[in-house]
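Enquirer: Would you mind keeping the following structure in view while I ask a few things?
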Amino acid sequence: MLEDDADGSLRRIVTAAQGGDLDAWERLYRRGYPRLYAYARRRVSDDASADDAVSETMTRAVLKIDGFAWRGGGFDAWMYGILRNVLLEQGRRDRRDLPVAELDLGTGSDELEPHTVHARAEEGDQVRAAYAKLSDDDREILDLRVIAELSADEVAEMLGKKAGTVRMAQSRALDRLRSHLHTVGGGQR
Amino acid sequence: MSAGTSGTPDTPVPSDDELLATLGQHLVENRSPRDAQVTDFRALVADHRPRARPVSRLSTRTRRPVLLAAAAAVLAVFAGIGVLLTTDDDEPGTVEYAGPVTTPDGRDVGTLEVVMQDIGRTIDLETDALEILPTGEFYEVWFVGPGDSVESPNRISAGTFHPDPDGRSFVDFTAAVDPAMYPTVSVTAEPGDGDPRPSATEVLRIDLGTAG
């Protein structure tokens, strides 16, 4: 998920965090927050619930960091594993949470008159509309790849699947997304 | 959308990578945590630092006999002892300091034990005289070296803590520092402003270097 992982700085930050370094934890928090929030926001009904999910995820990370080891999926996959559990528990507790397909995907496009929407906003609307047509499983794969920026190997470990299976599932999900994009973007115009 | 993404008849069908990039542009909201969230998170981490000892565990722990003996010597701030012995937990170590902790104005505010062990230098501080700080603020324990100043810090953080709701503080930290290089223990009150440097509010200071 992070560019700093490549040069090993993430490993150093995590090691410092395991030693209780406050600044290291703050870096991990600031670094992870945008995408953790984005992932959570797509699965809960409001901003506050997404914030709560991220806060709970970070809290559990602090409490469990001693048990984290660099193997398999790495730190980001570990974090998203926690977040997924938090969201599952939150969903069970809170009936107000909506299935992903019903979510407002939250870009403010509803506030814009169609004839005033510029090209980028229009593209965003169409992408999100097409995305919303995907199945939960398709969105899960693509969210972990796109929002969480996890590798296919990391996603595979998180979901308990083989990396090849994840790549195939991703490819099929993208094919279906193309089809939906064609429909919402022009094929039916 | 750019028709390139939709793959309408007059545009090419996007590749997987292009489609993933497009999704990233439109699905990820660039949102950062608020300052208050960061402050709260730092306080949470400070409350759960490694080796932070729960009050219940400490209160039931068998105290080191040597601590009691050393306490009888009523060592004041800027004083200490060095005794080779075996501590509790069956871990041998050299006690650099074991005794009461007093403030510069002479108030006895608790006990402190500093032990050198193979894993590093451990600090065991108990006090009921540190005030409960506002939310987001915390105390921080430092190993301080010679020449340390605000302008030119020479210190290593051993950890942070909060008093419990009754105003009692039980902290147990370890840091791998050379006692010859960092002979002083300091406790500061930190504002939780994200600045990793020590504040100017020092509440305790114990010089271990004078230990026999």
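Enquirer: When only residues in the stretch A:141-187 that are of a type in the set (D, E, K, R) and within 13 Å of chain B (Cβ to nearest Cβ) count, which is nearest to B:L27 (Cα to Cα)? Show your work before the answer.
Expert: Looking only at the stretch A:141-187, we keep the residues that are of a type in the set (D, E, K, R), and these are A:143, A:145, A:149, A:153-154, A:157, A:161-162, A:167, A:172, A:175-176, A:178.
The next check asks that each one be within 13 Å of chain B (Cβ to nearest Cβ); those that pass are A:143, A:145, A:149, A:167, A:172, A:175-176, A:178.
Working: A:D143: 9, A:R145: 12, A:E149: 12, A:R167: 20, A:R172: 19, A:D175: 18, A:R176: 17, A:R178: 16 Å.
Once the filter is applied, the top-ranked residue is A:D143.
Enquirer: Now a separate question. Looking only at the stretch B:176-193, which residues are open to solvent by less than 40 Å² (accessible area, probe 1.4 Å) and within 23 Å of B:F41 (Cα to Cα)?
Expert: B:V187, B:T188, B:A189, B:E190, B:G192
Enquirer: Now for a separate question. Could you count how many residues in the stretch B:156-173 are within 14 Å of chain A (Cβ to nearest Cβ) and over 13 Å from B:E137 (Cα atoms)?
Expert: Adding up the residues that qualify gives 7.
Enquirer: Identify all residues within the stretch B:17-28 that are open to solvent by less than 50 Å² (accessible area, probe 1.4 Å) and part of a helix (DSSP H, G or I); write none if there are none.
Expert: B:L19, B:L20, B:T22, B:L23, B:G24, B:H26, B:L27, listed by residue number.
Enquirer: Of the conditions (1) open to solvent by 30 Å² or more (accessible area, probe 1.4 Å); (2) basic (K, R); (3) touching an Asp or Glu at 6+ places or on another chain (Cβ under 9 Å); (4) more than 30 Å from B:Q37 (Cβ to Cβ), B:R168 satisfies every one except a single condition; which number is it?
Expert: It is condition (4) that B:R168 fails.
Enquirer: Then there's this: Of all residues in the stretch B:122-139, which are touching a residue at least 60 places away in the same chain (Cβ under 8 Å), farther than 13 Å from B:G167 by Cα and either in a strand (DSSP E or B) or β-branched (V, I, T) (or both)?
Expert: B:I123, B:L125, B:T135
Enquirer: Residues A:L177, A:L181, A:L150, A:L103: which one is open to solvent by less than 40 Å² (accessible area, probe 1.4 Å), at pLDDT 65 or above and either out of contact with any helix residue (DSSP H, G or I) (no Cβ under 9 Å at 6 or more places or on another chain) or within 26 Å of A:W78 (Cα to Cα) (or both)?
Expert: Within the list A:L177, A:L181, A:L150, A:L103, the selection yields A:L150.
Enquirer: Got at least one residue in the stretch B:58-78 being within 19 Å of the chain's Cα centre (by Cα) and either modelled with pLDDT of 65 or more or surrounded by fewer than 20 Cβ atoms within 10 Å (Cβ to Cβ) (or both)?
Expert: yes
Enquirer: Before we move on, is A:R35 at the interface with chain B (Cβ under 10 Å from one of its Cβ atoms), modelled with pLDDT of 90 or more, in a helix (DSSP H, G or I) and open to solvent by 10 Å² or more (accessible area, probe 1.4 Å)?
Expert: Details: at the interface with chain B (Cβ under 10 Å from one of its Cβ atoms): yes; modelled with pLDDT of 90 or more: yes; in a helix (DSSP H, G or I): yes; open to solvent by 10 Å² or more (accessible area, probe 1.4 Å): yes.
When the stated conditions are applied, A:R35 passes them.
Enquirer: So, B:T160, is that one in contact (Cβ under 8 Å) with a residue 24 or more places away in the chain, closer than 19 Å to B:V203 by Cβ, of a type in the set (S, T, Y) and touching a Phe, Trp or Tyr at 6+ places or on another chain (Cβ under 6 Å) or not?
Expert: Criteria met by B:T160.
Residues are listed down the side, and each one gets a yes or a no for (1) touching an Asp or Glu at 6+ places or on another chain (Cβ under 8 Å); (2) at pLDDT 85 or above; (3) in a helix (DSSP H, G or I):
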| site | (1), (2), (3) |
| --- | --- |
| A:V44 | yes, yes, no |
| A:D51 | no, yes, yes |
| A:E56 | no, yes, yes |
| A:L63 | no, yes, yes |
| A:R84 | no, yes, yes |
| A:G91 | yes, no, yes |
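The values are calculated or read from the model by the stated rules, or taken from the named source; none is laboratory data. Every value quoted in this text rests on a predicted model; they were computed, and no experiment measured them. Cβ atoms come from the backbone with ideal geometry, glycine included; neighbour counts cover every protein chain shown. With ligands, DNA and RNA removed, areas are computed over all heavy atoms of the protein, side chains included. Shrake-Rupley method; radii C 1.70, N 1.55, O 1.52, S 1.80 Å.
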